[in-house]
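Here the structure comes first, spelled out in structure tokens, and everything after it is commentary.
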Amino acid sequence: MIATPFELLPAAASTTSGTIDLLIILVFSIIGAVSLGVLVAMVVFVVRYRRRPGHLTGAEHSPGVMWRTELLWCGLTMVVFLGLFLLGALGFGRIEQLPGGAAPLDISVTAKRWMWSFQHPNGQRELSRLHVPAGRVVRLHLTSEDVIHSFYVPAFRLKQDVVPGWLRTAWFRATTPGTYALACAEYCGSEHARMRADIVVMEAHNYDRWLAQGDADEPPLAAAGRRLFERLDCGACHESHLRRRAPPLEGLYGRPVALRDGSSVIADDEYLRRSIVRPDADVVADYQGGVMPSYAGLVSDEELLLLVAYIRSLAHAEGVSP
């Protein structure tokens, strides 16, 4: 099954496709019904209340009828739009919330003009093609090396902007094996239209076999992140068993973090990136600010992905599912 980015009705091949399709169909159905009703009413009013001899325009109008009609119309409109808002909010919550159960397959995605680069947890890399297993949650960790891009897979109803200097996550669970189109949906330069890739959805056992045939010399993401962590000497503060000057990282990823200002934040990709390049932006409770230096400009976006992958692997240190 091969899809193109510009199909009028692309294949629905993910667990969230039905939710998005239902909302879109409802919105366009309501818009179509209202538009048709307005058009019919306009024609009726033009014909019935046209100026003609012996007819006094407005003589039969009743102010009481008019305000009741307007009130009914506004009330119905409010109910319809509140209903759409509720459906949209519920759908958005389902799309944003990572499903529970088995640990997701974490894939690092780097966008750059004009290609997509992918890296699997075992370190295997792909360019302009991504292999994933069907039926398993795939969590994408996205970053851009240059300008704003947008990760768009029509068949999965998935669209996530990729902004330089930020780390963003998105997820999908493909339902049907096949090859699906990935395109950049944000104009990014002269070759924007050619920034495409394929997502190959395979049966789980076929994916495991394909992954085992990859480049064994490529270091796993977490191991590469660990080496970078050691090279930057981050363990001097985060791994000191005698006196920690910085928060411990074991079991951190995915958990809420209490801050000195009384608020809290989830330790996701963006929080970790911000803590590395702007360490004083979110000072953890019971720790002092101004201790950790900023690594802005010292580590690249790809190296940030490696560090995040290593910290994410430490979530298992205390039995925490990331």
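A crude spin-label estimate for the pair A41 and L22, with each label 7 Å from Cα along the Cβ direction, gives 2.9 nm. Residue by residue, the range 37-52 carries 3J(HN,Hα) couplings of x, 4, 5, 5, 4, 4, 5, 4, 5, 5, 6, 6, 9, 5, 6, 7 Hz when phi is fed to the Karplus relation 6.51 cos²θ - 1.76 cosθ + 1.60 (θ = phi - 60°); x denotes Gly or Pro. Summarising the amide proton neighbourhood of R136: residues at separation of 5 or more, or on other chains, whose placed amide H is nearer than 5 Å comprise A174. Across the accessible surface of the range 120-263, with the other protein chains kept in place and a 1.4 Å probe, carbon and sulfur atoms take up 49 percent.
Between amide H atoms placed 1.01 Å from N, distances below 5 Å from Y49 occur with no residue 5 or more places distant or on a separate chain. Multiplying the residue separation of W67 and L98 by 0.36 nm and removing their Cα-Cα distance gives an extension gain of 6.4 nm.
Residues whose amide H falls under 5 Å from that of S150, counting only those 5 or more places apart or on a different chain, are V162, A185, E186, with hydrogens built in the peptide plane. Scanning the chain for trypsin sites (Lys or Arg not before Pro) in DSSP loops with at most 11 neighbouring Cβ atoms within 10 Å leaves 52-242 as the longest stretch between them. Note on A296/L84: beta-carbon distance plugged into 1/(1 + (r/R0)^6) with R0 of 35 Å gives a FRET efficiency of 0.25. In a reduced charge model with +1 at each Lys and Arg Cβ and -1 at each Asp and Glu Cβ, the chain shows a dipole moment near 1140 debye about its Cα centre.
Among the protein heavy atoms, those of M78 account for about 110 Å² of accessible surface (1.4 Å probe, every chain in place).
Computed from phi, the 3J(HN,Hα) profile of the range 15-24 under the Karplus parametrisation 6.51, -1.76, 1.60 (θ = phi - 60°) reads 6, 9, 4, x, 4, 5, 4, 4, 5, 5 Hz, with x in place of Gly and Pro. When you filter the GluC sites (Glu not before Pro) in the range 105-210 for DSSP loop state and at most 16 other Cβ atoms inside 10 Å of their Cβ, you are left with E145, E191, E203.
In the chain, taking the dipole from charged Cβ atoms about the Cα centre, the farthest positive-side position among P279, Y295, M78 is held by M78.
Within the set of other residues whose C-beta is less than 9 Å from the C-beta of V283, count the net charge using Lys and Arg as +1 and Asp and Glu as -1. Once all neighbours under 9 Å are counted, the net charge is -2. The slack in the chain from A281 to V34, taken as 0.36 nm per residue of separation less the alpha-carbon distance, amounts to 84.1 nm. Calculate the dipole size of the range 95-207 relative to its Cα centre from +1 charges on Lys and Arg beta carbons and -1 charges on Asp and Glu beta carbons; express the result in debye to the nearest 20. So the dipole magnitude of the range 95-207 works out to roughly 120 debye. At a probe radius of 1.4 angstrom, the accessible area of the range 12-152 per residue rounds to 62 square angstrom.
The values are calculated or read from the model by the stated rules, or taken from the named source; none is laboratory data. Just so it is clear, the model here is predicted, and its values are computed rather than measured. Please note: Cβ atoms are built from the backbone with ideal geometry, for glycine as well, and neighbour counts cover all protein chains shown. Ligands, DNA and RNA are excluded from the accessible area calculation, which covers all protein heavy atoms including side chains. Shrake-Rupley method; radii C 1.70, N 1.55, O 1.52, S 1.80 Å.
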